[in-house]
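Worksheet for the structure shown next.
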Amino acid sequence: MTSPDCILETRGLEKRFGGVVAIASVDFRLKQRELRCLIGPNGAGKSTFFKMLTAQLKPTTGQILFDGVDITRAQPHQVSRLGIGIKNQVPDVFNNLTVAENISVAARSRHGKARAAAKGKDVMERLGLTALTGRLVGELAHGQRQWVELAMVVALEPKLILLDEPAAGMTADETNKTAELIREVNKSAAIVVVEHDMQFIKQIAQTVTVFHQGRVLIEDTMDKVQGNELVREVYLGKSEDD
Amino acid sequence: MDLLVVLSFEALKAVASLALISVGLAIIFGMMRVINLAHGEFLMLGGYAAIVATKAGVNIWVATLLVSPLVVGLFGVVIERTIIRFLYGRPRDTMLATWGLSLFLVGLATTVFGNTTEGISAPAGSLQIGDYRIAAYSLIIIVIAIAVFAAIWAVFRFTRYGLIARSTMQNADMAAALGVNPSRVYAVTFGVGAGLAGLAGGVMAPITGIVPTIGAAYVAKAFITVIGGGPAILAGTVSASVLFGAIDQIITYLSTPVIGEVALLAAAVVLLRFMPQGITGRFFRRAA
Amino acid sequence: MTANWQGNGGLVAATVLGLVLLLALPQIVDPVMMIELTSYVIMAILALSLGLIWGYGGILCFGQSAFFGIGAYAYAIAVINFGDSTIPLLLSIVVPGLFAALLGYFLFYARITDVYFGVITLTVTLILYKVMGATSGSQYVIGAAPLGGYNGIPAVPPLNLPGRPDVALSFDGLFYLSGLTLLAVYVGLRLMLKSRFGQVVVAIRENERRAELLGYDARFYKLATFAIGGAIAGLAGCLFANWGMFISPDVFGLAQSAQVIIWVIVGGTGTLLGPIVGCFAIQWIATKLGAQQLLNANLVLGTILIGFVLLVPKGVVPTVSDALRRLKFRPYVAPLVEQRRVP
Ligand SMILES: Nc1ncnc2c1ncn2[C@@H]1O[C@H](COP(=O)(O)OP(=O)(O)OP(=O)(O)O)[C@@H](O)[C@H]1O
Ligand SMILES: [Mg+2]
């Protein structure tokens, strides 16, 4: 069915909300350990696409294959166990638990007590969260909560990581660190990144897919995409640096 | 043949009673997504209002059809203004507060009226169908239920309040978008829901008699009907009343009323397994 | 590591305090009050079971008395038939646990909302009340045990040494057994909440979707929490049947369900101490109210429930401990606290 080097494939994937077609017949393929950027104007359907991949939304029609397994009708926890981790667009964390507890819950989903503790410690060090371990996540700044969510996803050691606007609300410095982290994690996992920040995209991009009105407009290298007439039209008059 | 007529008449009466005792609860649930746990006690108050008024010399029809809904409706508005409005956006706490109200009202009624059953006699005789006799009051309940649902339908369909109510059911922010103070909508809704509970309590009083704890006897069925029906007030209450009224009636006919209620509960739990939003959440997304 | 050690230190201290109270109370409290106190202790176990389900599992169960009553009836019916109380005791835990699991399967796997869950559980207990009430008459007999309708089952035999029906538990013995059970359930739950299972349960309460995206099946964890809570409530029901040597459908009544909720609300959700404190306080008030005939108990309980929901929604224990923490640490922590209030 799928070629062996393909970790994710969608066929004719579609999502309607009443009359609104959020995703219209998307055929998407991602190779093992690929780093893909997904861009597109507001409302293009990027988050809806991610939510279908992680079973947070049920597709109207179409099929999702992950690592050779049909996950179209799976439950969210099953998708996670198969190896997909997601950072949602709005911070999605356990606000009344501490940073350490948040990450421990994630790590223990995959590992026994000792390994989970080691993994959690390692992840917190890598993301510079060690100083915050005892703090309640709900009390942290927006950017820090994004880091906690990233740390949870990394602690899962997924085969595929979906990041929905990971740099939103971060300072330039934090954004650079995020890019660095993505490149490092990419050594062992395929990653799809949704972002509006073009500077950030340029830092990490290999192949870029552009969504527009629920469809794939173009899929190419960053340079080609930037030079593309259609893409300019779609973005015309829109400030995309927010 | 006559038996068939009598049986279908009894089934119709069961459906009508179920719809009547549930509709006040359904209105509050549909609009505010909260179950009023004092619903049974509102019915109880309606019953006492009818009895007290009748004893004071008021005509029994005026007492059950006018005094009961008005007294309990006004009481509902007072409760909304003094308790419920502080709890908007906190559905759990709202339910808990109405539960407190339920206990409070049982205690109050026990203190005032004592723990004995009071009654008024049904103001109608019986009808002969072939060899069978049926209570004429059952017919009256059916007529009242139809009248109540027709009136609610008309209000939803033709009045400004109806428009606001329908849009609020779809989306709580909608009322605000229409330039209406949502808190006023909720106050009116709570009053109307309470008033309909009062009406049902008044109408049922001649059949059941009234004790302070009678609410508990009513509410299980009303809860099941409203939850099984889902958030659409009319379509939900009617469809669930028909479904559950029929199940209740058939099982009761085959065994006992208590087993009938067990069957209702089992049916509702199984139904929710497949339609977690109730019947209307699944089939009539846009119905009122 | 330090936090862990401190946590265990607290637990050891609580255990020692509990044991001291257990030994000391019968020496200082008069015998009539001991009877009341034993029932408070039994009810505190019931309160803990809801404290787990609601406070930690975030599951809005309005019908905890259903499991309590099923446990009591299971024990009563079985012990009348078996004579020896060992298997009846186990049944009083297993039967309500399984019933909770079955109900939970339908409700959690349908992913119904809070409001629905609360109302369905309440309806279950209301209907159990009617069902057990309708069992008067000689045809309603299970083995040697007549169910007795609203009159209930009288003369329920007490617990005995396993295998020795002739060595029955005395009333003093019941106090010690109930106290030890309360302590064991408290310590057991504290330990459970520290384990991976407990951590996940709390995480699901905090953010169900995130927990699922981390690979945990929220439906299963809720089901398990609910079944454990049901089993604990059933054990309390067994002790209650021993306390009164009698059991009637009133255990399923609306008043009983409401009481459990009130104990937990008053004491405070999200703690284990809260439900115990709330239970003792409210029961003590109820005893005092019962002794005088001026105010109806329902009137007072209803007022307390409304008052707490409106004015002290967190409950006593969390409110007091927050206040203490603030007072004690204010001079040192105040600047940090201000800083923490970042939006
Ligand atoms: N739950 C929902 N119900 C109805 N419509 C929805 C829902 N979720 C998304 N939509 C619609 O689907 C379309 C795609 O939304 P989506 O959030 O996927 O866009 P996006 O590309 O992530 O946009 P952004 O860049 O702003 O995050 C939009 O038109 C949106 O209004
Ligand atoms: Mg988005």
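The values are calculated or read from the model by the stated rules, or taken from the named source; none is laboratory data. Quantities reported herein were computed from a predicted structural model and do not represent experimental measurements. Positions of Cβ are generated from backbone atoms using ideal geometry, with glycine treated the same way; all protein chains shown enter the neighbour counts. Surface areas here come from the heavy atoms of the whole protein model, side chains and all, with no ligands, DNA or RNA. Shrake-Rupley method; radii C 1.70, N 1.55, O 1.52, S 1.80 Å.
A few remarks follow.
- Residues satisfying the stated conditions in segment C:205-225, i.e. more than 9 Å from every other protein chain (Cβ to nearest Cβ) and open to solvent by less than 10 Å² (accessible area, probe 1.4 Å): C:T225
For every residue, the table says whether it meets (1) on the phi < 0 side of the Ramachandran plot; (2) surrounded by fewer than 22 Cβ atoms within 10 Å (Cβ to Cβ).
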site	(1), (2)
C:R190	yes, yes
C:C238	yes, no
C:M245	no, yes
C:D250	yes, yes
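- Residue, farthest from the other protein chains (Cβ to nearest Cβ), within segment A:73-84, restricted to residues that are in contact with a Leu (Cβ under 7 Å, 6 or more places away or on another chain) and not β-branched (V, I, T): A:G83
- Selected residue (criterion: farthest from ligand 1 (Cβ to nearest atom)) from residues of segment A:48-64 that are within 14 Å of chain C (Cβ to nearest Cβ) and open to solvent by 10 Å² or more (accessible area, probe 1.4 Å): A:A55
- Scope segment A:90-106; condition more than 9 Å from chain C (Cβ to nearest Cβ) and within 18 Å of the chain's Cα centre (by Cα); matching residues: A:V90, A:P91, A:I103
- Some residue of segment B:155-167 being farther than 21 Å from B:L196 by Cα and either in a loop (DSSP other than H, G, I, E, B) or at pLDDT 85 or above (or both): no
- Scope segment C:275-302; condition of a type in the set (A, V, I, L, M), out of contact with any Leu (no Cβ under 7 Å at 6 or more places or on another chain) and under 17 Å from C:E36 (Cβ atoms); matching residues: C:V277, C:A281, C:I282, C:I285, C:A286, C:A291
- The residues on offer are A:K51, A:K15, A:K31, A:K46, and the sole one that is in the same structural domain as A:L217 (by TED's automatic domain parsing) and away from ligand 2 (no atom under 16 Å from the Cβ) is A:K31.
- Residue within segment A:131-153 that is free of Cβ contacts under 8 Å to residues at least 60 places away in the same chain, within 13 Å of the chain's Cα centre (by Cα) and over 24 Å from A:H77 (Cα atoms) present: no
- Against the test of being more than 27 Å from C:Q256 (Cα to Cα) and either aliphatic (A, V, I, L, M) or open to solvent by 10 Å² or more (accessible area, probe 1.4 Å) (or both), the options C:L60, C:L23 yield a single qualifying residue, C:L23.
- Pairs with Cβ under 8 Å, 6+ apart, first in segment A:39-61 and among the hydroxyl-bearing types (S, T, Y), second near ligand 2 (Cβ under 8 Å from one of its atoms) and outside any loop (DSSP other than H, G, I, E, B): A:S47/A:D164; A:S47/A:V194
- One residue from B:V226, B:V238 being part of a helix (DSSP H, G or I) and either away from every other protein chain (no Cβ under 14 Å) or without any contact (Cβ under 8 Å) to a residue 60 or more places away in the chain (or both): B:V238
- Residue check, A:K224 within 16 Å of ligand 2 (Cβ to nearest atom) and at pLDDT below 90: no
- Residue count for segment C:100-147 satisfying the condition of being open to solvent by 50 Å² or more (accessible area, probe 1.4 Å), facing another protein chain (nearest Cβ under 7 Å) and outside any helix (DSSP H, G or I): 1.
- One residue alone among A:L140, A:L132, A:L156, A:L127 is more than 12 Å from chain C (Cβ to nearest Cβ) and open to solvent by less than 40 Å² (accessible area, probe 1.4 Å), and that residue is A:L127.
- Screening A:V21, A:V26 for residues that are in contact with a Ser or Thr (Cβ under 7 Å, 6 or more places away or on another chain) and within 14 Å of ligand 1 (Cβ to nearest atom) leaves exactly one candidate, A:V26.
- Identity of the residue in segment A:1-18, open to solvent by 20 Å² or more (accessible area, probe 1.4 Å) and among the hydroxyl-bearing types (S, T, Y), that ends up farthest from ligand 1 (Cβ to nearest atom): A:S3
- For segment B:88-101, filtered to residues that are open to solvent by less than 70 Å² (accessible area, probe 1.4 Å) and more than 7 Å from chain C (Cβ to nearest Cβ), the residue that is nearest to C:L299 (Cα to Cα) is B:T98.
- Yes/no for A:E195 being within 13 Å of ligand 1 (Cβ to nearest atom) and either away from chain C (no Cβ under 14 Å) or under 15 Å from the mean Cα position of the chain (by Cα) (or both): yes
- For the criterion of being open to solvent by 10 Å² or more (accessible area, probe 1.4 Å) and more than 9 Å from chain C (Cβ to nearest Cβ), A:K87 fails.
- Scanning segment A:159-183 for residues that are over 15 Å from the mean Cα position of the chain (by Cα) and open to solvent by 60 Å² or more (accessible area, probe 1.4 Å) gives A:G169, A:T171, A:A172, A:D173, A:N176, A:K177, A:E180.
- Residue check: C:A184 meets all listed conditions (1) under 22 Å from C:A44 (Cα atoms); (2) touching a residue at least 60 places away in the same chain (Cβ under 8 Å); (3) small (G, A, S) but one, namely (2).
- Matching residues in segment A:56-70 - criterion: being touching a Ser or Thr at 6+ places or on another chain (Cβ under 9 Å) and more than 12 Å from A:K15 (Cα to Cα): A:I64, A:L65, A:D67, A:G68
- The one condition in (1) within 14 Å of ligand 2 (Cβ to nearest atom); (2) in contact (Cβ under 8 Å) with a residue 40 or more places away in the chain; (3) not basic (K, R) that A:V90 fails to fulfil: (2)
- Only one of C:L91, C:L52 that is away from chain B (no Cβ under 14 Å), free of Cβ contacts under 8 Å to residues at least 40 places away in the same chain, under 20 Å from the mean Cα position of the chain (by Cα) and crowded, with 19+ Cβ neighbours inside 10 Å: C:L91
- So C:P158, is it surrounded by fewer than 20 Cβ atoms within 10 Å (Cβ to Cβ), touching a Leu at 6+ places or on another chain (Cβ under 6 Å) and modelled with pLDDT of 90 or more: yes
- Condition check for C:L177: open to solvent by 30 Å² or more (accessible area, probe 1.4 Å), more than 14 Å from chain A (Cβ to nearest Cβ) and assigned to a helix (DSSP H, G or I): yes
- In the set (1) of a type outside the set (G, A, S); (2) at pLDDT 90 or above; (3) buried (at least 19 other Cβ atoms within 10 Å of the Cβ); (4) within 16 Å of ligand 2 (Cβ to nearest atom), A:H196 fails one condition alone, (2).
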